[in-house]
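Heads up, the thing below is written out as C-alpha cells.
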Amino acid sequence: MILDLKAEALRKTVDPASLGFKTTAEIEPREGIIGQRRAVSALQFGLAIQDGGFNIYVAGPPGIGKMTAVQAFVHEIARSRPRPDDWCYVYNFDDPYRPKTCRLPAGRGIELMQDMQALIEQVRNEVPRAFESEDFVSKRDEIVKQVDKARSEVIEQLNQEVAKSGFAMEGTRFGIILIPVLGGRPLSDEEFRDLPEAARKDLEQKRDALQERLKSTMRRARDLARLAQKSMRDLNERAALYIVGGLIDDLSDKYKDLPDVRSYLQAVQKDIVQHIEAFRDESAGGETAGGVGPLFLTPRSRELPYRKYRVNVVVDNSKQEGAPVVVELSPSFVNLIGRVEKETEFGALYTDFTMIRGGSLHRANGGFLVVPADDLLHDPMAWDGLKRVLRAGEIQIEELADRLGLITAKSLRPNPIPRDLKVILVGRSIYYHILHAYDETFPELFKVKADFDTSMPRNEEGVRELLGFLRTFCGKEKICPLDPPAAAKLIEHASRLAEDQEKVSTHLGILADVVREAHFWARRDQAPMIGVAHVRKAIDERVYRSTLIQEKIQEMIARGALLISTEGAVAGQVNGLSVLSLGEISFGKPSRITASAAAGREGVVDIEREVELGGPVHSKGVLILNGYLAQQYAQDEPLTLAARLVFEQTYEEVEGDSASAAELFALLSALSGLPIRQGIAVTGSVNQRGELQAIGGVNEKIEGFFDVCRAVGLTGEQGVLIPASNAPNLMLREDVVDAVSGGRFHVWTAQTIDEGIELLTGTPAGERLPEGGFREGTVNDRVDRTLGRFAESMRRMAEGEEGLEPART
C-alpha cells in the first residue's frame with residue numbers, strides 16, 4: 001500500500017543526551033581499525049601465518065582509510081616482533097663481479113664497516129713506517145748483499161775461465177758476447193779471418209764450449225735474482241703479516257660467533273699480504289689502478305686500491321625497534337629491487353660493490369612491506385620483479401636493462417639475499433579480481449584477502465567505536481573536542497554517507513575532513529569546543545563549494561529553459577530522477593520522461609538506445625517493460641504496440657535502471673489516457689512482475705526535486721514516490737524533513753506499479769477479474785482496452801492486405 005512517510009521516518013536522528021559525555025575529550029581513545037571485523041580477522045591471520053604464499057591483498061574503495069589503518073595495524077604487530085639482521089655486501093676476492101653477502105645481528109653491520117675502515121687506515125699508516133724501519137732495511141740490504149755477492153762470484157769465476165781460454169766478455173744490447181783475445185788485445189773480425197785455419201778452428205771450439213758455460217752462468221744468475229725476489233717477497237709478507245695478522249686476529253676474536261665474517265677477514269688478510277706494495281707506495285698503487293700519472297690522480301683513483309676492503313651495509317637495523325614496516329609509495333622496479341650505481345671518471349663508467357643500493361624489499365626484510373596496488377601495477381616491471389622475489393624466495397639485484405633484454409656494459413651481479421618478509425598490497429577490489437582472473441601466479445602468492453567494508457552497524461558498539469575514533473583523531477590533530485550535539489550531528493552525517501539509517505560510514509577520511517573544517521569555524525568563532533553549528537557549517541560549506549553546476553541546472557529549470565512541470569497533470573509525461581556525480585559531490589536532477597503509443601509491432605522502443613545514448617543497464621530496464629506489458633495485458637491476444645520512450649532535453653549518456661518505473665508510469669498513462677500529477681517525481685526500478693525495486697542515491701534524488709519545487713514554489717501537493725525498500729536508506733537534509741513535517745512536501749513509498757499508478761493518476765489500478773479483464777474504469781482496464789483496439793486495428797489491416805488482388809500489367 002501507498003505510505004505517505006512521516007518526518008520521523010526521513011532521517012534517523014541521535015539524541016545528544018544518550019551519548020553520555022560532556023565533550024569527546026572524556027571518551028576513551030580508540031586505536032586500531034574500527035568497524036572492520038572481517039578485515040581485521042584476515043589481517044591477523046595473514047600476518048601470523050609463516051607459510052609461503054600467504055601475502056595479503058587489502059581490498060576496498062578509495063578514500064576509506066585502508067592505507068592508514070593497515071599501517072597502524074601492522075606497526076602495532078611489528079613492535080612485538082624481533083629485530084631482523086643486518087645485511088652487507090663485501091668484496092669477492094675470487095670473483096669480483098659477484099659480491100658476497102654477509103649477515104650480521106642487528107647493529108653489527110655498521111660496526112663491521114667501521115672496524116674495517118679503522119683496520120685499513122691503520123694498515124695504511126703502519127706499513128710505510130714498518131718498511132722504512134732500520135730492522136727491515138737491514139734485512140733487505142742483507143738479502144741484496146748476499147745475492148749480489150753470489151752473483152759477483154759466479155761472474156768472476158766465469159771471467160777467469162773466459163780469460164784463461166783466450167776470450168773476453170762484452171755486453172751488448174742483445175746480451176753478452178765472447179770476443180777472441182790475442183796478445184792482450186781483442187781481435188777484430190778481419191783479424192780473426194786472417195788467422196790460420198787451425199788457430200781459427202781452435203778458437204771456435206773454445207768459444208762453443210764457453211758459450212755453454214756462459215748460458216749455465218747466466219741461468220745461475222737468474223736463479224739468484226729469483227731467489228732474491230722470493231726472499232724479498234717473503235720478507236715483505238712476514239713484515240705485512242706481522243702488522244696485519246694481529247689486527248685481523250683481534251677482529252676475528254670480536255666476530256668469532258660469525259663464521260662468514262671470520263672467513264671474510266681471513267680473505268682480507270691474504271689479499272693485503274699479497275698486495276702489500278699498494279700500501280707501501282700509495283701513489284704507485286694509485287697509478288697502477290688509475291692508469292695515469294700521480295699528478296693526474298683523482299680522489300677516487302687514490303682510494304681505489306683500498307675500496308675493496310670496505311663493507312657496504314645495505315640493510316642497517318641498528319636503530320630499528322621491532323620488525324621493520326616499510327611503506328613504498330613509489331614502487332618502481334629500482335625502488336623495490338635495488339640498483340647498482342655507477343660513477344664517471346675521464347668519460348668512463350665505473351662501479352664496484354660499494355655502490356650497491358638496496359631497495360624497499362631489502363629494508364622490509366624480516367618485517368612487512370606495504371605497497372599501493374594502483375601505483376605498483378602502473379609499472380609492469382615492478383610487478384614482475386616483486387612476483388619473482390616472492391616465488392624465488394630471494395632478493396636478486398639486477399640491472400633493469402638486463403630484464404628488458406637490452407645490450408648493457410658489463411656490470412656486477414651481487415649474490416642474492418634470502419627473502420623473509422610479508423607483502424601487503426592495498427588497492428581497489430577490482431584490481432584483486434582482475435589479477436586473480438588473469439595472473440596465474442597471483443592466487444599462489446596472495447592467498448589472504450582483507451576486505452574493507454564501507455559501513456558498519458549503527459548500534460551501541462558501532463557508535464562507541466566511531467566516537468572513540470573521533471577522540472583519538474582530535475587528540476592527534478590537536479583539534480578542539482566536540483560537544484554532544486556536534487557529535488550527534490556527525491553520527492547522523494556518517495549514516496547519510498552510508499545511505500542507511502541503521503549503519504554509519506567507514507569513510508573515516510571524509511568524517512575527519514568535516515571535523516577539521518568544523519574546528520576551523522570553531523576557532524574563527526573563538527569557541528572552546530566544536531558545536532553543532534560548526535559541524536553544520538562545515539557540511540554546508542563543503543556542499544556549497546561544489547554545487548555551482550547544480551544551481552545552474554535549477555536556475556535553468558526555474559526560468560523555463562529546462563522543461564520540468566511541478567504542477568498540473570499531463571498524460572504520458574512524468575518527472576524522473578537521476579543522480580549526477582561531479583567530483584566529491586553528487587546531486588539529484590529531475591528529467592521529463594515522455595511516452596507515446598500507437599498500434600504497431602515494434603514494442604517499446606527506447607530512443608536513447610536507438611541513438612546510442614543509453615547504457616546497457618538502462619536498455620535492460622526498458623526491455624523489462626515489454627515483459628511486464630506482455631504478462632499483464634497479452635494473456636488472450638498478442639501485444640500489438642509501437643511505443644516510444646525518451647528523456648527530454650538530455651544530451652548525455654543515460655545509464656542505470658532507476659528510471660524504469662517512471663518510464664512504465666508514463667507509458668501506462670499514454671495508453672490509458674489518464675494524466676499524471678506533475679508535482680510528483682518518481683524513482684525506482686521495476687521487474688517483469690511489476691514490483692518496485694530499490695535504487696541508489698535516493699536522498700540526492702529527493703533533495704534534487706525538492707530544491708526545484710522550492711525554487712518555483714512549494715504547494716503542499718508535491719513530493720517524490722520511491723520504492724518501499726528504499727525507506728531504510730533515507731537520511732534527508734533537515735530542510736526537507738522540516739518541509740515534510742509542515743505538510744509542504746511529501747515522500748511516498750510503494751511496493752508495486754499498481755500502487756504507484758493509483759497515486760499518480762488518482763484512479764484505481766484494478767485487479768484482473770477471474771473471468772478475465774479488469775474492473776471497468778480502472779487504469780489497467782483502460783490500458784487493456786487500448787491494447788485491444790490496437791490489436792483489432794492491426795488485425796483489420798492484415799486482413800485488408802490479404803484481400804487485395806495482385807496488380808495487372
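The values are calculated or read from the model by the stated rules, or taken from the named source; none is laboratory data. Please read all numbers here as calculations on a predicted model, not as lab measurements. Neighbour counts run over all protein chains shown; Cβ positions are idealised from the backbone, glycine included. Ligands, DNA and RNA are excluded from the accessible area calculation, which covers all protein heavy atoms including side chains. Shrake-Rupley method; radii C 1.70, N 1.55, O 1.52, S 1.80 Å.
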Mind checking which lysines have their C-alpha under 22 Å from Lys6, skipping anything on the same chain fewer than 8 residues away?
-> Lys489, Lys503, Lys701
Residue-normalised accessible area of the chain, given per residue in Å² at a 1.4 Å probe = 50
Once fully extended, how much extra length lies between Met556 and Thr354, figured as 0.36 nm per residue of separation less the alpha-carbon to alpha-carbon distance?
-> 65.7 nm
If Met169, Met731 are ordered by their accessible area, calculated over protein heavy atoms with a 1.4 Å probe, which sequence runs from highest to lowest?
-> Met169, Met731
Accessible area in the full protein assembly, largest first, 1.4 Å probe, for Ser216, Ser658 = Ser216, Ser658
Rounded if a/c under 1.5, otherwise prolate or oblate - the range 661-730, Cα gyration tensor axes = oblate
Euclidean distance between Cα centres, the range 504-574 to the range 380-454, Å | 44
Summing -39500 (n - 2.57) over the DSSP H runs of n ≥ 4 in the chain and dividing by its residue number, what mean residue ellipticity at 222 nm do you reach, to the nearest 500 deg cm²/dmol?
-> -15500 deg cm²/dmol
Spelling it out for Gly614: with amide H atoms placed in the peptide plane at 1.01 Å from N, the residues 5 or more places away or on another chain with amide H under 5 Å from its amide H are Arg609, Val654
Under the rule that a partner needs its Cβ under 4.7 Å from the first Cβ, which Cys of the chain have none?
-> Cys474, Cys480, Cys709
If you line up the long axis of helix 660-672 against the longest principal axis of the chain, both from Cα atoms, how many degrees apart are they, to the nearest 10?
-> 30
HN-Hα J in Hz across the range 541-552 - Karplus 6.51, -1.76, 1.60, θ = phi - 60°, x for Gly and Pro = 5, 4, 5, 4, 5, 10, 10, 4, 5, 4, 5, 5
Taking the highest mean first, how do the peptides 526-539, 558-571 order by number of other beta carbon atoms within 10 angstrom per residue?
-> 526-539, 558-571
Cα convex hull of the chain, projected area averaged across orientations, nm² | 71.1
Taking a cut-off of 23 Å between Cα atoms, list the lysines near Lys256, but don't count ones fewer than 8 places away on the same chain.
-> Lys100, Lys270, Lys308
Against the longest principal axis of the chain, how steep is helix 698-712, in degrees 0 to 90 to the nearest 10, with axes from Cα atoms?
-> 60
Rank these residues by their accessible area, most exposed first, probe 1.4 Å: Lys410, Lys149.
-> Lys410, Lys149
Partner aspartates and glutamates for Lys422 [C-alpha distance under 18 Å; skip if fewer than 8 residues away on the same chain] = Asp51, Glu76, Asp85, Asp86, Glu321, Glu328, Asp384, Glu394, Glu444, Asp451
Val543-Leu400 pseudo-label distance in nm [points 7 Å out on the Cα-to-Cβ vector] = 4.8
Degrees separating the helix 429-438 axis from the principal Cα axis of the chain, which is the longest one = 60
Report the accessible area of Glu31, computed with a 1.4 Å probe over the heavy atoms of all protein chains in place, in Å² rounded to the nearest 10.
-> 120
Rule-of-thumb check for the range 1-59: C-alpha Rg over 2.2 N^0.38 Å?
-> 2.03
Kindly rank 384-392, 511-519, 482-490 from highest to lowest mean number of other beta carbons found within 10 Å of each residue.
-> 482-490, 511-519, 384-392
